[in-house]
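Please read the structure below before turning to the comments.
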Amino acid sequence: METQEKGSKILDGEWEVLTYAVIFLDGIQIVFDFTLPGLNEVLDPFVGLGLAIYFIIRGVRMTLGRVFMLIGFGIGEEIPFVDALPFWTLEVLRVKSWDMQDKNS
């Protein structure tokens, strides 16, 4: 009989790499806001969808409330000048905390 693992298949090192990648991405977005206005608004849906798909594929448990929170981060990224805030970094850190809670429960 199989036992169901709690939490996702994402390992600690993978979370670190993902966190540094989105910190870098958020930093690049600040530059884009001042040099290539409008580019963030085009790229953000792809980043948000890519992160969501990645989390689902890697087994992060998604409840309705969690999905709405991720949508909120995506909406925040679409607001001009507010999108310079590190929403993608906050999203990854929040999903990581959910995953850690799931693994420890």
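The values are calculated or read from the model by the stated rules, or taken from the named source; none is laboratory data. For clarity, every value in this text was computed on a predicted model and none was experimentally measured. Reconstructed Cβ throughout: ideal geometry from the backbone, glycine too, with neighbour counts over all protein chains shown.
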Residue pairs meeting the criteria (Cβ under 8 Å; at least 6 apart or on separate chains; first within 21 Å of Arg61 (Cβ to Cβ), in the stretch 10-35; second small (Gly, Ala, Ser)): Ile10/Gly59
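Would you say Phe24 is within 15 Å of Trp88 (Cβ to Cβ) and in contact with a Leu (Cβ under 8 Å, 6 or more places away or on another chain)?
Working: within 15 Å of Trp88 (Cβ to Cβ): yes; in contact with a Leu (Cβ under 8 Å, 6 or more places away or on another chain): no.
So Phe24 does not fit the description; no.
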field: helices (runs of 4 or more DSSP H) fully within the chain counting 2 or more residues that are in contact with a Lys or Arg (Cβ under 6 Å, 6 or more places away or on another chain) and either exposed (fewer than 13 other Cβ atoms within 10 Å of the Cβ) or not polar (S, T, N, Q) (or both)
entry: 87-104
statement: When the stretch 67-104 is checked residue by residue, the ones that are over 11 Å from the mean Cα position of the chain (by Cα) and either within 14 Å of Leu18 (Cβ to Cβ) or aromatic (Phe, Trp, Tyr) (or both) are Phe68, Phe81, Ser97, Trp98, Asp99, Met100
- prompt: Going by the structure shown, is Ile57 among the hydrophobic types (A, V, I, L, M, F, W, C), modelled with pLDDT under 90 and more than 12 Å from the chain's Cα centre (by Cα)?
  reply: no
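Filter the stretch 43-81 down to the residues that are small (Gly, Ala, Ser) and more than 24 Å from Asp33 (Cβ to Cβ) and list them by number. Reasoning before the result, please.
At the first step, the residues of the stretch 43-81 found to be small (Gly, Ala, Ser) are 48, 50, 52, 59, 65, 72, 74, 76.
Result: Gly59, Gly65.
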